[in-house]
Amino acid sequence: MQATATRTGLRSQRKRPVQRLVRVALFLCAGLSVMVTGGIIYALAADTISFFKDVEPASFFLSADWAPQSGDFGVLELVFGTAIISLGAMLVAGPLGVATAIYLSEYANPRVRKVIKPILEVLAGVPTVVFGYFALNFVTPSLLRAVYPGCGIFNWASAAIVVGLFILPTVASLSEDAMRSVPTSLRHGAYGLGASKLRVSARVVAPAALSGIVAAIILGMSRAVGETMAVAIAAGATPQIAVNPCESIQTMTAYIVQVAGGEASTGSIQYGSIFALGSTLFLITLALNYVSIRFVKRFREAY
Amino acid sequence: MNVMTQRPNVLAPDLEDLVNEHETSVFEVRDLTASYGATPAIENVSLDIFDKKITAVIGPSGCGKSTFIRCFNRMNDLVAGAHVGGKIFYRGEDLYAEDVDAVEVRRRIGMVFQQPNPFPKSIYDNVAFGLRVNRMTDHLDDRVEKALQDAALWDEVKRKIKDPASALSGGQQQRLCIARALATNPDVLLMDEPCSALDPIATTKIEDLMHELKADYTIVIVTHNMQQAARVSDLTAFFSVEGSAETDRSPRGVLVEYDTTEQIFTAPNDRRTEDYITGRFG
């Protein structure tokens with residue numbers, strides 16, 4: 001047998017070491033993100049557990065009174081801040097983003113798209129601090145006060161608007177990708193039945209791209225939940241459940257930054273609270289992703 | 001009749017009989033030219049499509065037969081850079097006149113495509129789509145059922161009408177696409193190689209269906225399958241490719257011969273037609 005193998009060159013004792021090396025290297029790259037996630041969970045968990053040794057979980061999760069100096073850690077006030085900013089931002093970025101995506105994918109001619117898309121993506125690259133000052137120097141004085149002159153300089157409406165603008169490119173760009181990957185044959189089928197462009201976009205393309213659009217919105221929402229600087233600047237630092245959009249609030253991330261900025265000493269309850277907040281945020285994002293996956297499975301029109 | 005005054009340049013003797021028998025022309029095509037950017041697709045095509053007949057368009061790849069039937073419902077409008085010259089009259093009206101709305105054209109002239117392309121919706125919603133587009137939503141259930149019956153699909157799907165269309169087989173999906181097109185009672189049905197993605201059994205079903213539909217609809221079918229053209233059609237138009245790199249004219253599709261299907265397949269007038277149907281080229 002050995003002689004035959006040598007003659008045809010089909011068999012080899014070498015097991016192609018480079019191939020194996022490549023495989024291992026690629027596995028390590030893929031594994032890195034898993035390890036990082038694991039590391040984050042570990043770092044969060046340790047300090048979160050020690051925090052809950054000092055503070056009742058019930059008084060943390062079920063109370064709405066956040067005053068760390070006096071020992072009150074009712075997280076709902078901060079959760080409200082984060083939720084109202086995210087929802088407000090979604091109200092801005094969802095409709096605008098999907099409309100932009102429909103325009104770019106279905107209506108715009110290629111030359112227009114070539115101009116608009118890069119500009120849109122530049123918007124995503126603007127540092128969020130800039131968005132914060134944009135809220136402070138333009139949105140609040142020029143827009144909100146034009147409608148309601150008594151609006152406070154720090155208010156959650158302006159923060160929600162600028163966070164919405166900040167995540168708009170994410171929503172628009174990913175939704176557009178999803179719509180453009182809908183097969184042309186589906187569009188032609190609808191046009192062939194005498195459907196107008198609007199109907200083809202809204203009744204055929206958008207439903208077929210729904211899973212991508214929802215994923216885009218959820219990703220935008222996760223970014224809004226985690227967004228810190230713009231909100232810290234525009235919405236101030238007043239933990240409260242404020243239904244009035246002209247009032248100041250504080251979000252979970254804004255509080256984390258404030259504490260991490262240097263007030264609290266390592267090991268103090270305040271220091272521990274930012275890890276508890278981090279864990280809570282982590283769980284919220286996880287829940288968001290789970291809900292979106294369920295939603296997409298339920299309503300998706302798979303082509 | 002208009003045909004007599006503006007006679008197509010390839011009116012074969014048998015067609016002359018048809019015209020004389022007072023067959024109505026649904027389409028009168030005159031010097032039709034279509035191109036994509038600088039690339040010509042078809043040139044100077046003139047023929048008539050007759051009412052309640054099945055007209056087959058055959059020819060080798062690249063002869064522009066798909067481009068040709070996409071001119072009838074202005075589907076080429078959707079392709080960037082496509083240009084259509086010459087005239088198509090639909091029941092006497094210029095299809096490419098300035099004020100003609102392509103959307104309205106497509107509501108009267110239905111189309112079935114090469115690949116079954118059901119929407120990712122339920123069977124019911126697929127058929128109802130065109131009805132909703134055309135605001136024919138009274139008795140929606142009845143209309144959907146009627147269309148599915150006309151497409152010989154009702155018995156197979158009546159118990160799972162709300163299931164996704166993607167669960168159907170390829171042949172069923174294509175019949176669903178036919179039902180979808182029939183639901184709105186179009187005047188003409190254009191079929192662009194409707195069986196090319198189907199197996200022989202599904203193909204037979206579609207062909208049987210076409211024979212039934214002929215009573216109510218004018219059908220134009222593009223096919224690369226000559227046996228199919230011979231089996232289903234009353235009239236056949238043979239397209240070929242003319243010009244090439246050697247003759248410094250870029251290749252373009254031309255109409256070689258248009259006649260009754262029987263004539264085309266038994267005694268074609270043109271040498272190129274004979275070569276093609278006997279398998280000597282293409």
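The values are calculated or read from the model by the stated rules, or taken from the named source; none is laboratory data. Note that the structure is predicted; figures quoted are calculated from it, not measured. Note: ideal-geometry Cβ built from the backbone for every residue, glycine included; neighbour counts use all protein chains shown. Only protein heavy atoms, including side chains, enter the accessible area calculation; ligands, DNA and RNA are left aside. Shrake-Rupley method; radii C 1.70, N 1.55, O 1.52, S 1.80 Å.
Inside 10 Å of the C-beta atoms of B:115-123, what's the mean count of C-beta atoms belonging to other chains?
On the way: counts 3, 2, 10, 4, 10, 11, 6, 1, 0.
Per-residue shielding by partner chains comes out at 5.
With the Cα gyration tensor of region B:128-219 in hand, give its eigenvalues times 5 under a square root as the equivalent ellipsoid semi-axes, listed largest first in whole angstrom.
Taking √(5λ) for each eigenvalue gives 20, 17, 11 Å, largest first.
Between residue A:13 and residue A:129, what is 0.36 nm times their sequence separation minus the Cα-Cα distance? Round to one decimal in nm.
35.7 nm is the gain from fully extending residue A:13 to residue A:129.
Provide a whole-number value for the mean count of partner chain Cβ atoms within 10 Å of the Cβ atoms in peptide B:106-113.
Neighbouring Cβ atoms belonging to other protein chains average 3 per residue here.
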**OP:** Compute the FRET efficiency between residue A:288 and residue B:249 as 1/(1 + (r/R0)^6), taking r as their Cβ-Cβ distance and R0 = 56 Å, and round to the nearest 0.05.
**Re:** 0.35
Original post:
By the gyration tensor of its Cα atoms, with a ≥ b ≥ c the square roots of the eigenvalues, what is the shape of region B:157-280: rounded for a/c under 1.5, prolate for a/b over b/c, or oblate?
Top reply: prolate
Original post:
Per residue of B:159-168, how many C-beta atoms from partner chains lie within 10 Å of its own C-beta, taken as a mean?
Top reply: 1
Original post:
Tell me, what are the semi-axes, in whole angstrom and largest first, of the equivalent ellipsoid of region B:13-277 as set by the roots of 5 times the Cα gyration tensor eigenvalues?
Top reply: 31, 20, 18
Original post:
When all alpha-carbon pairs of region A:1-154 are counted, what percent fall beyond 28 Å?
Top reply: 63 percent
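Using a 1.4 Å probe and counting only protein heavy atoms, how much accessible surface gets buried when A and B come together, both sides summed, in Å² to the nearest 100? Kindly include the intermediate steps, with their values, before the conclusion.
Working: alone 17010 and 12820 Å², together 28170 Å².
Protein heavy atoms only, the A-B interface buries about 1700 Å².
For region A:60-299, what is the accessible area per residue in Å² when the probe is 1.4 Å?
Details: 10470 Å² over 240 residues.
On a per-residue basis, region A:60-299 sits at 44 Å².
May I ask you to rank A:148, B:124 by accessible area, largest first, using a 1.4 Å probe over the protein chains only? Show your work: numbers first, answer last.
Values: A:148 115, B:124 25 Å².
So, going from the largest accessible area down, we get A:148, B:124.
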Original post:
In whole angstrom, and with the biggest value first, how far do the Cα coordinates of region A:60-299 range along each principal axis?
Top reply: 69, 40, 28
Original post:
Taking K and R as +1 and D and E as -1, what net charge do the other residues with C-beta under 14 Å from the C-beta of residue B:56 add up to?
Top reply: -3
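Can you list which of the trypsin sites (Lys or Arg not before Pro) found in region B:108-201 are DSSP loop residues with at most 13 other C-beta atoms within 10 Å? Don't skip to the end; give the middle numbers.
Working: sites: B:108, B:121, B:132, B:135, B:143, B:146, B:158, B:159, B:160, B:162, B:175, B:180; in loops: B:121, B:135, B:162.
Here the sparse-neighbourhood loop sites are B:135, B:162.
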Subject >> Stokes-Einstein D for the protein assembly as shown, Kirkwood Rh over Cα pairs, 37 °C, 0.692 mPa s (µm²/s) >> reply: 113 µm²/s
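Can you give the percent of C-alpha pairs in region A:129-214 whose distance is more than 22 Å? Before the final figure, lay out the partial values.
Values: 1821 of 3655 pairs.
Percent of Cα pairs beyond 22 Å in region A:129-214: 50.
Which percentage, to the nearest 5, of the DSSP beta bridges contained in the protein assembly as shown is antiparallel?
60 percent
Keeping every protein chain present and rolling a 1.4 Å probe, give me the accessible area per residue for region B:13-277 in Å². Walk me through the numbers before you get to the answer.
Values: 10790 Å² over 265 residues.
Value for region B:13-277: 41 Å² per residue.
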Original post:
Quick one: if you stick a label point 7 Å off each Cα along the C-beta vector at residue A:25 and residue B:208, how many nm between them?
Top reply: 6.2 nm
**OP:** Report the longest stretch of chain B that contains none of the GluC sites (Glu not before Pro) sitting in a DSSP loop with at most 13 other Cβ atoms within 10 Å.
**Re:** B:99-245
Original post:
Hey, got a sec? Which trypsin sites (Lys or Arg not before Pro) in region A:1-102 land in a DSSP loop and have at most 16 other Cβ atoms within 10 Å?
Top reply: A:11, A:14, A:15
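What do you reckon, how do A:154, A:51 stack up by accessible area (1.4 Å probe), largest on top? Mind dumping the intermediate values first?
Numbers: A:154 95, A:51 5 Å².
Descending accessible area places them as A:154, A:51.
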Original post:
Round to a whole number: what % of the accessible area of region A:60-299 belongs to carbon and sulfur, probe 1.4 Å?
Top reply: 69 percent
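Of the listed pairs B:53/B:205; A:297/B:162; A:117/A:297; B:146/B:205; B:158/B:205, which have alpha-carbon separations greater than 21 Å here? Display every interim value, and only then the final one.
Values: B:53/B:205 19 Å; A:297/B:162 17 Å; A:117/A:297 29 Å; B:146/B:205 18 Å; B:158/B:205 18 Å.
The answer is A:117/A:297.
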**OP:** Show which aspartates and glutamates lie in cross-link reach of residue B:160 when reach means a straight Cα distance below 15 angstrom and same-chain residues fewer than eight apart are skipped.
**Re:** B:125, B:141, B:145
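Please arrange A:79, A:162, A:291 by accessible surface area, largest first, computed with a 1.4 Å probe and ligands excluded.
On the way: A:79 40, A:162 0, A:291 90 Å².
The most accessible residue leads, giving A:291, A:79, A:162.
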Original post:
Can you give the three extents of the C-alpha atoms in region A:49-101 along their principal axes, from longest to shortest, in whole Å?
Top reply: 49, 21, 16
